Amino acid sequence: MLPNLVVDTTVLPPPERFEYWYALVAQETAPVHITSARLDDFVAYAQAIDLGRIRLASLRYPSLHAARPAGLVRRTETDIYQLTLPLTGRSVLVQDRTETTLVAARHFTLLDTARPHIAQHLADSPSLATTITVQIPYAALPLPPDRLHRLLATPMPAHLGVGGLLVQHLRGIAAHPEQYEPNQAEMLGGVALDLLTATLAQRLDIEGVLSPEARHTALRARIVDFVDRHLDNAELSPRTVAAAHHISLRSLHRLFEGEATTPAELIRAKRLERCRRDLCNPLYARQPVHLIAARWGFTDKAHFSRLFRARYGRSPQAYRAAVAAGE
């Protein structure tokens, strides 16, 4: 599991909960002044995950108002950007006379903790608000600060393009840190930084300043996303993937050098996984195996059965029977 810190205020007596939460916020993000109607019984949860140069936090809390005024900025100087992604509720953020309302799970934004800002997070009653934040040192973003200033507190799509891939990456880590080994933390953080850098550079129209590594990471992420969205297309192949991204087949294979899989293996593995999921799905319990296989691009029954057995240790029929038997 990735190294992480988990906090649940409900283990404390109600009068002590907010102070405990506030100390965590001051430690994991830049200190802010917080007010809330629930300070006397502040039910909140947090999980902070160290990803090398950056730190990700998944937070759940009641409606609150947070302010980082100029005086507090001067007393607690920082050189950190904060990515803010609300997943539920509604968030209104103000920095440098820019005010924006973020739609949950549809927008994220960037704040500069070295500048004053205001944030209001409203929960969907009676639920708690849920937010993912990422702390990013200035030095980790290889983009001109004067250009980045234009993007502070502006909404960026969390469901489209490279920004959507970044959000998908961050949400996957936050939801399942147990799926990764501790030695993968630096790599996961590096991927997040490359995707964020590519997203910001694209919005600023300065993609030419990106490092080759950042451009390659962003392109690989776009390709994997393209494969995911076209697995049911019988024409999907490394050649069609390369053509869709305006690169040669040779360039596509070079892009995946050093990765754990080739483009062809990536497509095959993802299609097999879709077949496995459908075989487990009670809605498809009466559907013949060969139709499930064909839906995901496997038209040769014998070939599909061999591939499935090699990957999952059983034939498709045996796997379905084992699932039905509760094994």
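What follows is calculated from the coordinates using simple rules that are stated; it is not laboratory data. Nothing here was measured: the structure is a model prediction, and the numbers come from that model. Methodologically, a virtual Cβ is constructed for each residue, glycine included, from the backbone with ideal geometry; neighbour enumeration extends over all protein chains shown.
What are the equivalent ellipsoid semi-axes of the range 81-199, built from the alpha-carbon gyration tensor (square roots of five times its eigenvalues), in whole angstrom, biggest first? Each step should come with its number before you reach the end.
Working: eigenvalues 97, 79, 29 Å².
The equivalent ellipsoid of the range 81-199 has semi-axes of 22, 20, 12 Å.
Any number yet on Rg/Rh for the chain, C-alpha, Kirkwood?
On the way: Rg = 22.8 Å, Rh = 22.1 Å.
Expressed as Rg/Rh, it is 1.03.
Per the Kirkwood formula on distinct C-alpha pairs, the Rh of the range 1-48 is how many angstrom? Write down the numbers at each step before the final one.
Numbers: mean 1/r = 0.0884 Å⁻¹.
Over the range 1-48, the inverse of the mean reciprocal pair distance is 11.3 Å.
Treat every Asp and Glu Cβ in the range 172-253 as -1 and every Lys and Arg Cβ as +1, leave all other atoms uncharged, and give the resulting dipole magnitude about the Cα centre to the nearest 20 debye. Walk me through the numbers on the way to the answer.
Working: 7 positive and 11 negative charges, 70 e Å.
Charge dipole, the range 172-253, about its Cα centre: 340 debye, nearest 20.
Once you put a point 7 Å from the Cα of D96 and another 7 Å from the Cα of T154, both along the Cβ direction, what distance in nm separates them?
Spacing of the two 7 Å Cα→Cβ label points: 1.0 nm.
What value, in deg cm²/dmol to 500, does the helix sum -39500 (n - 2.57) over DSSP H runs of n ≥ 4 give at 222 nm once divided by the residues of the chain? Walk me through the numbers on the way to the answer.
Details: 12 runs with 138 residues, N = 327.
Roughly -13000 deg cm²/dmol at 222 nm, from the helical runs in the chain.
How high is the relative contact order of the chain, in percent, with contacts defined as C-alpha pairs under 8 Å that are six or more residues apart? If you can, show how the numbers build up before the last one.
Numbers: 530 pairs, mean separation 43.0, N = 327.
So the answer I get is 13 percent.
Taking springs between alpha-carbon atoms closer than 10 angstrom, which of Y180, Y284, Y138 fluctuates most in the Gaussian network model of the chain?
Residue with maximal mean-square fluctuation among Y180, Y284, Y138: Y284.
Sticking with the crude label model, points 7 Å out along Cα→Cβ, report the distance from R171 to A322 in nm, one decimal please.
The two pseudo-label positions are separated by 3.1 nm.
Roughly what angle does helix 14-28 make with the longest principal axis of the chain, taking Cα atoms, 0 to 90 degrees, to the nearest 10?
Once rounded, the angle reads 70 degrees.
What is the P(r) of the range 191-327, as percent of Cα-Cα pairs per 10 Å bin from 0?
11, 34, 28, 17, 9, 1
Could you give the distance between the Cα centres of the range 261-282 and the range 15-86, to the whole Å?
Cα centres, the range 261-282 to the range 15-86: 40 Å.
Report the one residue of V6, A158, Q82 whose Cα lies farthest in the direction of the positive end of the charge dipole of the chain (charges on C-beta: Lys and Arg +1, Asp and Glu -1; origin at the Cα centre).
Selected residue: A158.
Using the Karplus curve 6.51 cos²θ - 1.76 cosθ + 1.60 with θ = phi - 60°, work out ³J(HN,Hα) for each residue of the range 109-126 in order, rounded to whole Hz, and write x for Gly and Pro.
8, 10, 10, 10, 6, 7, 10, x, 7, 10, 9, 10, 10, 10, 7, 7, 4, x
Mind pulling the angle between the C-alpha long axis of helix 161-175 and the longest principal axis of the chain? Nearest 10 degrees, somewhere in 0 to 90.
80
Take every Cα pair under 8 Å in the range 47-176 that's 6+ residues apart, average their separations, divide by the length, and report that relative contact order as a whole percent.
Values: 275 pairs, mean separation 41.5, N = 130.
Relative CO of the range 47-176 lands at 32 percent.
Classify the range 1-106 from the C-alpha gyration tensor, please: rounded if a/c falls under 1.5, else prolate or oblate depending on whether a/b exceeds b/c. It would help to have the intermediate numbers written out before the result.
Details: a/c = 1.30, a/b = 1.16, b/c = 1.12.
It is rounded, given that a/c, with a ≥ b ≥ c, falls under 1.5.
Would you kindly state how much longer the chain becomes between E181 and L283 on full extension, computed as 0.36 nm times their sequence separation minus their alpha carbon distance, in nm to one decimal?
Numbers: separation 102, 0.36 × 102 = 36.72 nm, distance 3.42 nm.
Working it through step by step, the gained length comes to 33.3 nm.
I need the Debye-formula profile for the range 273-327: one equal scatterer per C-alpha, no solvent, reported as log10 I(q)/I(0) at q = 0.23 1/Å, two decimals.
-0.84
For the range 230-246, what does the Karplus curve 6.51 cos²θ - 1.76 cosθ + 1.60, with θ = phi - 60°, yield as ³J(HN,Hα) per residue in whole Hz, taken in order and with x for Gly and Pro?
Per residue, the Karplus-derived 3J(HN,Hα) values read 10, 4, 8, 8, 4, 8, 5, 7, x, 5, 6, 5, 4, 4, 5, 10, 6 Hz.
Which distance in nm do the two modelled labels at L204 and R74 give, with both placed 7 Å along the Cα-to-Cβ direction?
Each label point lies 7 Å from its Cα, and together they span 2.9 nm.
Assuming R0 = 30 Å, what is the FRET efficiency of S251 and Q27, from their Cβ-Cβ distance, to the nearest 0.05?
Working: r = 45 Å, r/R0 = 1.49.
Between S251 and Q27 the formula returns 0.10.
Estimate the FRET efficiency between R311 and A244 by the formula 1/(1 + (r/R0)^6), using the beta-carbon distance for r and 35 Å for R0, to the nearest 0.05.
Details: r = 26 Å, r/R0 = 0.74.
The computed FRET efficiency comes out at 0.85.
For the range 39-95, just say rounded, prolate or oblate: build the C-alpha gyration tensor, square-root its eigenvalues into a ≥ b ≥ c, call rounded for a/c under 1.5, and beyond that prolate if a/b exceeds b/c, oblate if not. Could the numbers behind the result be given before it?
Details: a/c = 1.61, a/b = 1.12, b/c = 1.44.
Oblate, because a/c is 1.5 or more while a/b does not exceed b/c.
Let's see if you can work this out: charge +1 on each Lys and Arg Cβ, -1 on each Asp and Glu Cβ, no other charges. What is the dipole magnitude of the range 1-70 about its Cα centre, in debye to the nearest 20? Each step should come with its number before you reach the end.
Numbers: 6 positive and 7 negative charges, 61 e Å.
Around 300 debye, computed over the range 1-70.
Amide H neighbours of L51 under 5 Å, counting only residues 5+ apart in sequence or on other chains, H built in-plane at 1.01 Å?
Excluding prolines and chain starts, which carry no amide H, the hits are L56.
For the chain, give the magnitude of the charge dipole about the Cα centre (Cβ charges: +1 Lys/Arg, -1 Asp/Glu; no others), in debye to the nearest 20.
It comes to approximately 1260 debye.
Whole angstrom only: what separates the Cα centroid of the range 128-177 from the Cα centroid of the range 186-245?
16
Which residue fluctuates most in the GNM of the chain (Cα springs below 10 Å): V134, V241, V167?
The residue that fluctuates most here is V241.
Using θ = phi - 60° and the Karplus curve 6.51 cos²θ - 1.76 cosθ + 1.60, what whole-Hz ³J(HN,Hα) does each residue of the range 185-197 get, with Gly and Pro shown as x?
Karplus values, whole Hz, x for Gly and Pro: 4, 4, 5, 5, x, x, 4, 4, 5, 5, 5, 5, 4.
As I understand it, the value is the acute angle between the Cα axis of helix 263-280 and the longest principal axis of the Cα atoms of the chain; what does it come to in degrees, rounded to 10?
90
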